[in-house]
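The values are calculated or read from the model by the stated rules, or taken from the named source; none is laboratory data. Given the structure is predicted, the values throughout are model-derived calculations rather than measurements. Virtual Cβ from ideal backbone geometry, glycine too; neighbours counted across all protein chains shown.
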Amino acid sequence: MRDSGVLSPPDEVSLVPLRKRRRTGSLSDRLASIVIKGSAFLTIASLILIFIFIGKEALPILTSSEIQKEASLAKLFLPQPAKEGARPEFTWQPVSKLPKYSLLPLLAGTLKVTIIAILFAIPTAVLAALFTSEFAHPWVREIVKPAIELLAGIPSVVVGFFCLMVLAGWLQSTFGWTYRLNAVTAGIGLSLAVIPIVYTVAEDAFSCVPQAFREGSIAMGASSWQTAWRVVLPAAMPGVLAACVLGFGRAIGETMIVLMASGNAALLTFSPTDSIRTFSATIAAELGEVVVGSAHYHVLFFVGAFLFVITFVTNLFGHWWVGRLQKKLQGAA
Amino acid sequence: MKRVPWILAMGFFVLITSGCGKGPGEMGSKTITIKGSDTMVILGQRWAETYMTEHPGIHVQVTGGGSGTGIAALINGGTDICEASRPMKDKEKEQVKTRRGKDVSEIPVALDGIGIYVHHSNNISVLTQAQLKWIYTGNITNWKDVGGKDSKIVAYSRENNSGTYVFFKEHVLTNEDYAREIQTLPGTAAIVNAVSKDEASIGYGGIAYAQGIRAIPIKKDEAGEAVPASLATVQSNQYPLSRNLFFYTVGEPAGESKAFIDWVLSPEGQKICETVGYYPLRTK
């Protein structure tokens, strides 16, 4: 490990071999290094532990023939008849004489509410960030920035309760929807949780754009709007995209808001005013009372692993995309 | 390489953390642990508080998590007493037998009535059990089909982890599946809130929670009379949707647990049921 390099003085001093110098370093130095290493190690260890735990509990879906009788991969992803002889359908109905574990309604619900949340959150957050970094008077910025970031501090169960009690009723009476609790209500609630994350990261990206870009653009006769839209935004694009990926990850994994505000009926429809049921809400709602070791229990862990993989792949893809864009921008600069 | 000790340390960490799962049941003999149903957690706590003030030196620890969680804890030896708002399934009883070597004993400790909630403005005066079934299986979707005004029924249900969900499914739906359109909410309080805000809605849950909404009387069948939920109708079993709440122990209760359960079943313990909205057992 090259960790000792962080604490060592510049190269010309390092006549003593690295290992030896570490021993003679002051106690507080060594202590600090242990604490820092310890916390880094703890993060990785807990990630690995969580992954092992979820994976272990999800595995019987693939390996145990007894569990597969009730819930095999085919049953999770292909349509199954609701009763003997009925037309095969995608249904999530785990507590039943004939339990049905189709993941498709849950996947559709998760994607629907995530997309709605993203559609609300990303334009709002990115434009707000552009406003505060490019146009706002410093004192306006001093108020708006902490206010938006404070949104992240509201517990999601409070946001969910607000949606259930206030927002849902207001939206229903305004638009006349049949169902108070639906994907749009939950999506708007969810966007409240996503906005602060996207805003903070995007704002940082905008302030990292070199001042020379703006000065150059203004000097060429561009207005400040043209500068912001055509120079600053493209230059900060990798950061903005990273913000969107983080926001997506938050939206897809958020539990309490959707559990309270979405109605949790596992329907497979395209209408945004129908109730939806998401992966995370399903786990939160059902894991508490499920018989440990039953097919239902293992399916819930499989859902968890599936969610884990989706977020992981999204993040990986986002990372790769941002990196590529960065390279392209640097190449062009 | 210096890398090796770190990998070893990580492995060690994984090992020790996966090993720590000792249940609280093995702690000092003066502690009684109770775990299980969320419906019963307040009831359990009230019993525990009163019992502890009367019996200093004994500690009764009550936690919720759900009937299934409590039963799992009973199977793994993580609790002395399990609270459940549904009867234990045969498969779970078998698990207790094989893991703990003793049969499980089932002790009814209180009665609960499931109320049917509607919005205050709803003009329906009574529903039969069959109509409830049709509503929740999706065969009736409009209030006008049960004598109300012409508007779509928005039906709310508990989550499928709930003992109340299972009870309703068994006794009202006669074990048929809930319709897919039924919306589910976490907790009875959330259902009460949603129903109180929605004119076209219907929901169900413990009668203790029926505030801000109207609990409508139920008819067992077309010919029967409309019965509202009350102490008398639940105790006499006239109200069709009444149920037992249970304690479970491994083997016959013994020692401190037995003393506690005996006290819960005594008139003094039973009196507490009513303070939290449940009903005492029928006196024999």
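If you check B:SER196, B:SER230, B:SER257, which single one turns out to be more than 28 Å from A:ALA284 (Cα to Cα), among the polar types (S, T, N, Q) and over 20 Å from the mean Cα position of the chain (by Cα)? From the options B:SER196, B:SER230, B:SER257, the qualifying one is B:SER257.
Only one of the numbered conditions (1) under 30 Å from B:GLY70 (Cβ atoms); (2) modelled with pLDDT of 90 or more is not met by B:VAL154, and that is (1). Summed over segment B:150-171, the residues that are within 8 Å of chain A (Cβ to nearest Cβ), in a helix (DSSP H, G or I) and either buried (at least 24 other Cβ atoms within 10 Å of the Cβ) or hydroxyl-bearing (Ser, Thr, Tyr) (or both) give a count of 2. Evaluated against (1) more than 23 Å from the chain's Cα centre (by Cα); (2) in contact (Cβ under 8 Å) with a residue 12 or more places away in the chain; (3) surrounded by fewer than 14 Cβ atoms within 10 Å (Cβ to Cβ); (4) more than 30 Å from B:LYS197 (Cβ to Cβ), B:SER121 falls short on exactly one condition, (4). If you scan segment B:180-194, which residues turn out to be closer than 17 Å to A:LEU106 by Cβ and either more than 10 Å from every other protein chain (Cβ to nearest Cβ) or touching a residue at least 40 places away in the same chain (Cβ under 8 Å) (or both)? B:ARG180, B:GLU181, B:ILE182 - these are the residues of segment B:180-194 that are closer than 17 Å to A:LEU106 by Cβ and either more than 10 Å from every other protein chain (Cβ to nearest Cβ) or touching a residue at least 40 places away in the same chain (Cβ under 8 Å) (or both).
Checking B:HIS59, B:HIS55 one by one, the residue that is farther than 28 Å from B:GLY101 by Cβ and not hydroxyl-bearing (Ser, Thr, Tyr) is B:HIS55 and no other. Looking only at segment B:109-145, count how many residues are in contact with a helix residue (DSSP H, G or I) (Cβ under 9 Å, 6 or more places away or on another chain) and assigned to a strand (DSSP E or B). Count: 12. What are the residues in segment A:50-99 that are in a strand (DSSP E or B) and surrounded by 13 or more Cβ atoms within 10 Å (Cβ to Cβ), if any? If the condition is that a residue be in a strand (DSSP E or B) and surrounded by 13 or more Cβ atoms within 10 Å (Cβ to Cβ), then A:GLN80, A:PRO81, A:GLU89, A:TRP92, A:GLN93 are the ones that fit. Can you say whether A:SER72 is more than 23 Å from the chain's Cα centre (by Cα) and among the polar types (S, T, N, Q), as far as the supplied structure shows? Against the criterion (more than 23 Å from the chain's Cα centre (by Cα) and among the polar types (S, T, N, Q)), A:SER72 qualifies.
Would you check which residues across segment B:242-258 are in contact (Cβ under 8 Å) with a residue 24 or more places away in the chain and assigned to a helix (DSSP H, G or I) and list them? If the condition is that a residue be in contact (Cβ under 8 Å) with a residue 24 or more places away in the chain and assigned to a helix (DSSP H, G or I), then B:GLY255, B:GLU256, B:SER257 are the ones that fit. Of all the numbered requirements in (1) buried (at least 18 other Cβ atoms within 10 Å of the Cβ); (2) without any contact (Cβ under 8 Å) to a residue 60 or more places away in the chain, A:VAL184 misses one, and that requirement is (2). Checking each residue in segment B:69-108 for being among the basic types (Lys, Arg), part of a helix (DSSP H, G or I) and within 14 Å of chain A (Cβ to nearest Cβ) picks out B:LYS91, B:LYS93, B:ARG99.
The criterion of being assigned to a helix (DSSP H, G or I), more than 18 Å from A:TYR179 (Cα to Cα), out of contact with any Ser or Thr (no Cβ under 8 Å at 6 or more places or on another chain) and not polar (S, T, N, Q) holds for A:GLY323. Of the residues making up segment B:247-279, those that are under 30 Å from B:ALA229 (Cα atoms) and loosely packed, with under 15 Cβ neighbours inside 10 Å are B:ASP262, B:SER266, B:PRO267, B:GLU268, B:LYS271, B:GLU274, B:THR275.
If A:ILE257 satisfies every condition in (1) more than 9 Å from every other protein chain (Cβ to nearest Cβ); (2) assigned to a helix (DSSP H, G or I); (3) among the hydrophobic types (A, V, I, L, M, F, W, C); (4) more than 15 Å from A:ALA152 (Cα to Cα) but one, which is the exception? All conditions are met except number (4). A Cβ distance below 6 Å, combined with a sequence gap of six or more or placement on separate chains, defines the contacts here; from segment B:218-236, residues that are outside any strand (DSSP E or B) reach residues that are charged (D, E, K, R) in the pairs B:ALA226/B:LYS219; B:GLN235/B:ARG282. Scanning segment A:260-300 for residues that are over 19 Å from the mean Cα position of the chain (by Cα) and more than 11 Å from chain B (Cβ to nearest Cβ) yields a total of 7. Does B:TYR178 satisfy the condition of being surrounded by 19 or more Cβ atoms within 10 Å (Cβ to Cβ), at pLDDT 90 or above and part of a loop (DSSP other than H, G, I, E, B)? Against the criterion (surrounded by 19 or more Cβ atoms within 10 Å (Cβ to Cβ), at pLDDT 90 or above and part of a loop (DSSP other than H, G, I, E, B)), B:TYR178 qualifies.
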